[in-house]
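Peer 1: Please see the structure below; I have some questions.
The values are calculated or read from the model by the stated rules, or taken from the named source; none is laboratory data. Keep in mind that what you see is a predicted model, and the values were worked out from it rather than measured. Positions of Cβ are backbone-derived with ideal geometry, glycine not excepted, and every protein chain shown enters the neighbour counts.
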């Protein structure tokens, strides 16, 4: 699995809310300023599904990031299986500096692992910026 991580200076309750509520997901779930997330749906429970549309702002391309939750522990952990069968594990841990988020995911085979790590880290960094400034 590939691992990305960050520490967010905010409360665990706010981090959890910003991570999981669709009205917040659309504000941070993209890797660069040229992209955005115009739509997000999230049924946060084991067996629940999620879908986030990630799109280039110029309309040149878009895709839906989809999956199904296999584990949900409020303010602690989320595991899910992506639409293509790959697995993701996310942990949220309160530490003196804020909330440590560690995200591990199965790589796909089309792009180099370093490119995948960079993209997921960029989205996580976007989340950190959003969660610390809202």
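Peer 1: Would you point out the residue of the range 91-111, among those that are outside any loop (DSSP other than H, G, I, E, B) and free of Cβ contacts under 8 Å to residues at least 24 places away in the same chain, that is nearest to residue 50 (Cα to Cα)?
Peer 2: Residues of the range 91-111 that are outside any loop (DSSP other than H, G, I, E, B), as a first pass: 91-95, 98-105.
Checking the rest, the ones that are also free of Cβ contacts under 8 Å to residues at least 24 places away in the same chain come to 91, 93.
Values: 91: 18, 93: 23 Å.
Once the filter is applied, the top-ranked residue is 91.
Peer 1: In this structure, is residue 40 in a strand (DSSP E or B) and either at pLDDT 95 or above or surrounded by 15 or more Cβ atoms within 10 Å (Cβ to Cβ) (or both)? Step through it out loud before you land on a result.
Peer 2: On the way: in a strand (DSSP E or B): yes; either at pLDDT 95 or above or surrounded by 15 or more Cβ atoms within 10 Å (Cβ to Cβ) (or both): yes.
Yes.
Peer 1: Would you say residue 121 is touching a residue at least 12 places away in the same chain (Cβ under 8 Å), surrounded by 17 or more Cβ atoms within 10 Å (Cβ to Cβ) and out of contact with any helix residue (DSSP H, G or I) (no Cβ under 8 Å at 6 or more places or on another chain)?
Peer 2: yes
Peer 1: Quick one: in the range 44-60, which of the residues that are without any contact (Cβ under 8 Å) to a residue 24 or more places away in the chain and loosely packed, with under 12 Cβ neighbours inside 10 Å is nearest to residue 86 (Cα to Cα)?
Peer 2: Checking each candidate, the answer is 47.
Peer 1: So, of the residues in the range 1-15 that are part of a helix (DSSP H, G or I) and in contact with a helix residue (DSSP H, G or I) (Cβ under 9 Å, 6 or more places away or on another chain), which turns out to be surrounded by the fewest Cβ atoms within 10 Å (Cβ to Cβ)?
Peer 2: Looking only at the range 1-15, we keep the residues that are part of a helix (DSSP H, G or I), and these are 12-15.
With in contact with a helix residue (DSSP H, G or I) (Cβ under 9 Å, 6 or more places away or on another chain) added as a condition, the list becomes 14-15.
Details: 14: 16, 15: 23.
Here the residue is 14.
Peer 1: Tell me which of these residue 58 doesn't satisfy, since it passes every other one: (1) part of a loop (DSSP other than H, G, I, E, B); (2) touching a helix residue (DSSP H, G or I) at 6+ places or on another chain (Cβ under 6 Å); (3) over 21 Å from residue 118 (Cα atoms).
Peer 2: (2)
Peer 1: Right, something else. For the range 16-35, enumerate the residues that are farther than 13 Å from residue 129 by Cβ and either under 12 Å from the mean Cα position of the chain (by Cα) or not in a helix (DSSP H, G or I) (or both).
Peer 2: Start the filter on the range 16-35 by keeping residues that are farther than 13 Å from residue 129 by Cβ, which leaves 16-17, 19-23, 25-26, 34-35.
16, 19, 20, 21, 22, 25, 26, 34, 35 - these are the residues of the range 16-35 that are farther than 13 Å from residue 129 by Cβ and either under 12 Å from the mean Cα position of the chain (by Cα) or not in a helix (DSSP H, G or I) (or both).
Peer 1: Still on this model: Being within 24 Å of residue 104 (Cβ to Cβ) and buried (at least 16 other Cβ atoms within 10 Å of the Cβ) is the requirement here; does residue 63 meet it? Don't jump to the end; show me each part of the working.
Peer 2: Values: within 24 Å of residue 104 (Cβ to Cβ): yes; buried (at least 16 other Cβ atoms within 10 Å of the Cβ): no.
No.
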